[in-house]
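Asker: One structure, pasted below without further comment.
The values are calculated or read from the model by the stated rules, or taken from the named source; none is laboratory data. Computed from a predicted model, the values in this text were never measured in an experiment. Virtual Cβ from ideal backbone geometry, glycine too; neighbours counted across all protein chains shown. Each accessible area value is taken on the protein alone, full model and side chains, heavy atoms only, with ligands, DNA and RNA left out. Shrake-Rupley method; radii C 1.70, N 1.55, O 1.52, S 1.80 Å.
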Amino acid sequence: STPVEHVDLTQVADGVYSGEFGDFLVDVKLKVTVKDHQITGIEITEQRASSGYEATETVARIIEAQSPRIDAVTGATGSSRCIMLAVQNALTGQ
């Protein structure tokens, strides 16, 4: 289980970054937009998750917190973690 870490946004230049992460039941590909060292947008481009367990509210939580390390959406922990780790991967170039 990969840990979700805080990302130092002062080290992330303006741009659009692609990230992905997957596990046994869920995977996600997304794009993260950074402007003035702030996450200004996250677009999920592909996602495999059971219907009703997409955890799309995770995106708003990450933008509000300005960090991929947030509380998971209740009932959709796997999807939440995949989104958080995909954002982390995008911002760290992994």
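Asker: Can you list the HN-Hα couplings for region 66-78, worked out from phi with the Karplus curve (6.51, -1.76, 1.60; θ = phi - 60°), rounded to whole Hz and with x for Gly and Pro?
Answerer: Residue by residue, region 66-78 yields 6, 6, x, 8, 9, 6, 5, 6, 4, x, 9, 4, x Hz.
Asker: Here is a follow-up. Which number do you get for Rg(Cα) / (2.2 N^0.38 Å) in the chain?
Answerer: Numbers: Rg = 12.0 Å, N = 94, 2.2 N^0.38 = 12.4 Å.
So the chain has a normalised radius of gyration of 0.97.
Asker: In what order, largest first, do E43, E5 sit by accessible area if the probe radius is 1.4 Å?
Answerer: Values: E43 110, E5 85 Å².
Highest to lowest solvent-accessible surface, that is E43, E5.
Asker: Using amide H atoms built 1.01 Å from N in the peptide plane, name the residues 5+ places from R69, or on other chains, whose amide H lies under 5 Å from its own.
Answerer: For R69, the qualifying residues are V7.
Asker: When ligands, DNA and RNA are left out and all protein chains stay put, how many square angstrom of accessible area per residue does the chain have with a 1.4 Å probe?
Answerer: On the way: 5380 Å² over 94 residues.
It amounts to 57 Å² per residue over the chain.
Asker: With θ taken as phi - 60° and the coefficients 6.51, -1.76 and 1.60, list the Karplus ³J(HN,Hα) couplings across region 50-65 in order, rounded to whole Hz; mark glycine and proline as x.
Answerer: Karplus-based 3J(HN,Hα) across region 50-65 equals 4, 4, x, 10, 6, 6, 5, 5, 4, 4, 4, 5, 5, 4, 5, 7 Hz.
Asker: Please report the carbon-and-sulfur percent of the accessible area for region 14-61; probe 1.4 Å, protein heavy atoms only, DNA, RNA and ligands left out. Don't jump to the answer; show the numbers that get you there.
Answerer: On the way: 1480 of 3040 Å².
So the carbon and sulfur contribution to the accessible surface is 48 percent.
Asker: While we're here: As an exercise, use a Förster radius of 30 Å and the Cβ-Cβ distance of H6 and E46 to find the FRET efficiency, rounded to the nearest 0.05. Intermediate values should be presented prior to the final figure.
Answerer: Numbers: r = 26 Å, r/R0 = 0.85.
E between H6 and E46, to the nearest 0.05, is 0.70.
Asker: Compute the Rg/Rh shape ratio of region 50-89: radius of gyration over Kirkwood radius, all on alpha-carbon atoms. Mind showing how you got there, number by number?
Answerer: Working: Rg = 9.1 Å, Rh = 9.8 Å.
Radius of gyration relative to Kirkwood radius: 0.93.
Asker: Starting from the Cα of T56, step 7 Å along the direction of its Cβ; do the same at E20; then give the gap between the two resulting points in nm.
Answerer: In this crude spin-label approximation the distance works out to 2.1 nm.
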